[in-house]
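Student: So that we are looking at the same thing, I have put the structure below in structure tokens.
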Amino acid sequence: MVSERSTRVGWWFRGVLAGAALLIGSAAAQAQTPVRFSLDWRWEGPAAPFAVALDKGYFKAEGLDVTIDPAAGSREPISRVASGTYDVGFGDVNSLVRFRDENPESGIKAVMVIYDRPPFAIIGRKSRGISKDVASLQGKKFGAPTADGAYAQWPIFKSVNKIDDSTMKFENVGFPVREPMLAQGEVDAVFGFSMSSFINLKSRGVPADDIVVMLMSDYGVDLYGNTIIVSEKFAKEKPEAVKGLLRAIMKGVQDTVKDPASAVDSVIKRNDVAKKDVELERLKMVLEQNMVTPWVKENGFGGIDKDRFAKSLDQIGLTFNYKAKPKVEDVFSEEFLPPADQRKVN
């Protein structure tokens, strides 16, 4: 028979082990580096890679406790990161260039390209006389939100396409009424992100074959789109955390590319009003048009073509006057990216 003393020793030993496990677990939890991450918009299809990285534990595996919040547009993450409210953001690199020029002390940089081609577009209706020909834009009325990233590129679009816009009317409208106005025929076209405006118009009953999407990247606007941006402070103090973050995002991207239908489920669970079929269509548009481009397939995800990026800085200069034109390395850093062989997508 087992003595009472042996039993007590056994219980004591198991208690010690349990306590040690709790301490180890607590230490592991404390070791997680908190990261505040700002999206560019709501939880919709294009945010799937980040949601997947959360749900599959890719951030935690890198020792990161990541909190991701939605935003009100691709410019907001820049001001959030610059203010120190957030460590990392997903925002428009072209707006970042301008922000850095106006706030040279900010020091924030882009560290991973998510949209190799930006979704900036002019979206019109055939029934309103809009076609794929830029000449069809003459004399038309546009819904053009002042804060819109796509409308901000109009000076580039009209310059490279030699457009005289004196016959055009640009009406500053709010984001919520942009597509409704086009659906109701109050404007002939709008400026916006292709995947958002196209889907929103369809949801309002506009036939798909009546919608014309003019992707600016198809008309000589050779810019990059949304990137991961980091604060200078966070990058300097926690460079390994930035590297781990990008590794986790890369895995989220690869999983999303392989199985968009499953990936979008991670978005739906974070957005009560989202519909899977709508967000899946939106996600597939982004993957095809903006993320998995021919250049990305050949060179890997997340990096840049330095000559092209330099050209984009020239084009951005058409939208405003630089105080001090930046060099490529002032805006984008490759030092935190995973090795090229880990950034392949199919």
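Any read-out appearing in this document is the output of simple, stated calculations on the displayed coordinates, not a laboratory observation. Here the structure is a predicted model, which is why all the values come from computation and not from measurement. Virtual Cβ from ideal backbone geometry, glycine too; neighbours counted across all protein chains shown.
Student: Net charge near R36, counting Lys/Arg +1 and Asp/Glu -1 over other residues with Cβ under 9 Å of its Cβ?
Tutor: Working: positive: R80; negative: D69, D87.
Charge balance near R36 sits at -1.
Student: Among the listed pairs K141/K306; K132/K258; K132/K311; K169/K276; K140/K276; K141/K297, give every one whose C-alpha distance is greater than 29 Å. If you can, show how the numbers build up before the last one.
Tutor: Details: K141/K306 37 Å; K132/K258 31 Å; K132/K311 25 Å; K169/K276 36 Å; K140/K276 35 Å; K141/K297 38 Å.
Beyond 29 Å between Cα atoms: K141/K306; K132/K258; K169/K276; K140/K276; K141/K297.
Student: Oh, and also: Can you give the helix-only mean residue ellipticity at 222 nm for the chain, where every DSSP H stretch with n ≥ 4 adds -39500 (n - 2.57) and the sum goes over all residues, rounded to the nearest 500 deg cm²/dmol?
Tutor: Values: 15 runs with 151 residues, N = 346.
Dividing the helical sum by the residues of the chain leaves -13000 deg cm²/dmol.
Student: Using the Cα centre as the reference, give the magnitude of the dipole from point charges on the C-beta atoms of segment 120-219 (Lys, Arg: +1; Asp, Glu: -1; all else neutral), rounded to the nearest 20 debye. Intermediate results must be reported in sequence, preceding the final value.
Tutor: Numbers: 12 positive and 11 negative charges, 19 e Å.
The calculation lands at about 100 debye.
Student: Now, a different point. Considering only G107, G89, G205, give the residue with the highest GNM mean-square fluctuation for the chain, with springs between Cα atoms whenever their separation is below 10 Å.
Tutor: G205
Student: Given Cα pairs under 8 Å that are at least 6 residues apart, what percent is the relative contact order of the chain? Can you show the working numbers first?
Tutor: Values: 606 pairs, mean separation 90.5, N = 346.
Once normalised by length, the contact order is 26 percent.
Student: Another question about this same structure. Report the net charge of residues surrounding N271, where surrounding means a beta-carbon distance below 10 angstrom and charges are Lys +1, Arg +1, Asp -1, Glu -1.
Tutor: On the way: positive: R42, K269, R270, K275; negative: E44, D272, E279.
Here the charged neighbours net out to +1.
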